[in-house]
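Working notes, structure below.
The values are calculated or read from the model by the stated rules, or taken from the named source; none is laboratory data. In this text, all values refer to a predicted model and were calculated from it rather than measured experimentally. Glycine gets a Cβ as well: all are built from the backbone with ideal geometry, and neighbour counts include every protein chain shown. Please note that ligands, DNA and RNA were not included when accessible areas were found on the heavy atoms of the full protein model with its side chains. Shrake-Rupley method; radii C 1.70, N 1.55, O 1.52, S 1.80 Å.
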Amino acid sequence: MEKRKQKNDFSKGAVWRLIVAQAVPLTVAQLVQLLYNVVDRIYIGHMEAGNSLALTGIGLTFPVITLIMAFTALFGMGGVPLFSMARGAGDTKRAEKILGNSCALLVLSSIILTAICYAFRKPILFAFGAGENSYIYAKDYLDIYLAGTTFSMLATGLNGYINAQGFPKIGMLSVILGAALNIILDPIFIFGLDMGVKGAALATVISQVVSAIWVLSFLFSKRAIVRLMLKSISLNQNITKDILRLGTSNFIMQGTSCLVQVACNSTLQIYGGDIYVGIMTVVNSVREILMLPVSGIMNGALPVISFNYGAKLYSRVKSGIKFNAILGAVYTMAAWILVVVFPGFWFNVFSDDPGLAAMGCNALKTYFFGFVFMALQFAGQSTFQALGDAKHAIFFSLLRKAIIVVPLTLLLPSAGFGVNGVFLAEPISNLIGGVACFLTMRLTVYKRLGNENK
């Protein structure tokens with residue numbers, strides 16, 4: 001046990017190496033995690049040649065799935081910085097309580113969310129931009145997908161605690177196992193058993209169950225430095241408040257994504273119809289793929305920065321922040337170029353519908369214009385979160401999406417931009433929100449950090 005603690009001590013070794021060691025398997029894990037839904041979209045997009053309705057229907061379920069992930073981030077990732085700080089301070093008992101409290105919150109919220117979504121799925125889907133034809137596909141997918149909510153939230157929400165203990169490869173495997181199973185089962189259920197979108201949802205649920213079993217089996221085992229104990233799976237008022245305080249920024253980031261998706265789908269349904277909702281489904285899918293590496297860098301840095309902050313090694317904290325910002329900017333610039341040069345490639349991956357690609361390429365390039373500024377948003381946001389600055393983290397989560405994107409999405413189309421206005425809202429928010437978040441971080445928490453090197 002003592003050797004493992006020393007091996008996973010983030011106060012030793014080059015900070016950038018520690019971040020990369022965490023980020024690479026995390027990025028791979030997140031990429032594979034994304035395959036749960038992206039592979040579904042790819043198969044479904046090719047399910048009926050020249051017909052994008054099934055893909056549109058899946059796109060309508062995004063806000064529901066995103067909302068579930070928002071609560072996962074609130075109760076799961078909200079506790080990880082606290083957990084890492086407790087480890088850095090040598091308080092193993094508190095770390096154990098935080099882990100158990102997080103698990104209890106995930107289970108309780110998943111049960112409530114499942115019941116609400118089943119009860120109100122029809123009005124919810126129509127409010128999210130469904131038409132009479134696309135609703136059928138959305139309902140078929142969601143009816144089965146919701147059955148795996150508890151497993152999905154446990155697998156994703158608790159996996160961060162594996163990574164925070166310095167086991168990113170184990171965390172990566174927890175995702176790979178489920179996603180590999182999903183990739184195998186998708187064509188069997190969708191085409192072999194002719195289940196269509198229902199088959200895609202069933203494959204996803206089975207995969208989520210496997211991932212959850214893997215995560216729980218590791219955290220309950222003696223291999224974990226801080227184990228998940230049955231006696232610790234309970235709600236503690238003070239710990240819950242702390243988790244909510246830090247997790248709120250994650251929740252708002254995911255929750256406002258849900259709000260943006262609803263605003264986009266409903267506006268596109270008015271100005272462009274089902275085909276533009278399908279285009280946005282592809283655009284969101286491409287965005288999820290290209291966001292993964294920068295998200296992996298930031299999430300990989302989170303436990304390293306939090307640990308060193310808890311240990312009062314402030315010069316190492318500043319090194320981690322600098323590395324995040326530079327690497328994130330280089331990557332997002334490269335990703336931006338790929339979209340501008342090869343827009344048609346992305347549409348061909350997700351659909352056989354030629355009309356979708358013909359109408360969607362310009363929308364894709366518009367949406368990704370200025371993608372590099374997202375690196376500034378992530379660098380600032382992750383720093384606020386890692387250092388426990390919940391107020392700034394929450395504000396900048398709200399600023400970019402709720403305060404900038406949603407109003408622009410609703411106003412620009414009616415101001416003469418039409419459907420292009422929906423896609424133009426994103427780059428405007430990236431520029432304003434990203435620059436404001438990064439500069440504020442530099443002038444506040446970063447500037448206040450000392451230069452001790454203990």
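Given the options VAL435, VAL422, name the one that is open to solvent by less than 20 Å² (accessible area, probe 1.4 Å), assigned to a helix (DSSP H, G or I) and at pLDDT 85 or above.
On the way: VAL435 fails: open to solvent by less than 20 Å² (accessible area, probe 1.4 Å).
Being open to solvent by less than 20 Å² (accessible area, probe 1.4 Å), assigned to a helix (DSSP H, G or I) and at pLDDT 85 or above holds for just one of VAL435, VAL422, which is VAL422.
Yes or no, residue by residue, for (1) under 20 Å from GLY160 (Cα atoms); (2) touching a Pro at 6+ places or on another chain (Cβ under 7 Å); (3) open to solvent by 60 Å² or more (accessible area, probe 1.4 Å); (4) not hydroxyl-bearing (Ser, Thr, Tyr):
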residue: ASP186; (1), (2), (3), (4): no, no, no, yes
residue: ILE190; (1), (2), (3), (4): no, no, no, yes
residue: LYS198; (1), (2), (3), (4): no, no, yes, yes
residue: ALA203; (1), (2), (3), (4): no, no, no, yes
residue: VAL215; (1), (2), (3), (4): yes, no, no, yes
residue: LEU219; (1), (2), (3), (4): yes, no, no, yes
residue: ARG223; (1), (2), (3), (4): yes, no, yes, yes
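Taking segment 330-372 as the range and being surrounded by 19 or more Cβ atoms within 10 Å (Cβ to Cβ), among the aliphatic types (A, V, I, L, M) and assigned to a helix (DSSP H, G or I) as the test, the residues that pass are ALA335, VAL339, LEU356, ALA357, ALA363, LEU364. Scanning segment 166-185 for residues that are farther than 18 Å from ARG87 by Cβ and either of a type in the set (A, V, I, L, M, F, W, C) or out of contact with any Ser or Thr (no Cβ under 9 Å at 6 or more places or on another chain) (or both) yields a total of 12.
Of all residue pairs spaced 6 or more apart or on separate chains, those with beta-carbon atoms under 6 Å, a first member in segment 386-405 that is in contact (Cβ under 8 Å) with a residue 40 or more places away in the chain and a second member that is open to solvent by 30 Å² or more (accessible area, probe 1.4 Å) and of a type in the set (Lys, Arg) are ALA390/ARG245. In segment 262-293, the qualifying residues are those that are within 14 Å of the chain's Cα centre (by Cα) and over 19 Å from LYS365 (Cβ atoms), and the one that is least open to solvent (accessible area, probe 1.4 Å) is LEU292. Of all residue pairs spaced 6 or more apart or on separate chains, those with beta-carbon atoms under 6 Å, a first member in segment 73-90 that is of a type in the set (A, V, I, L, M) and a second member that is outside any helix (DSSP H, G or I) are VAL80/ALA164. Taking the numbered list (1) crowded, with 20+ Cβ neighbours inside 10 Å; (2) modelled with pLDDT under 85; (3) within 19 Å of VAL205 (Cα to Cα) in turn, LEU177 passes all entries but (1).
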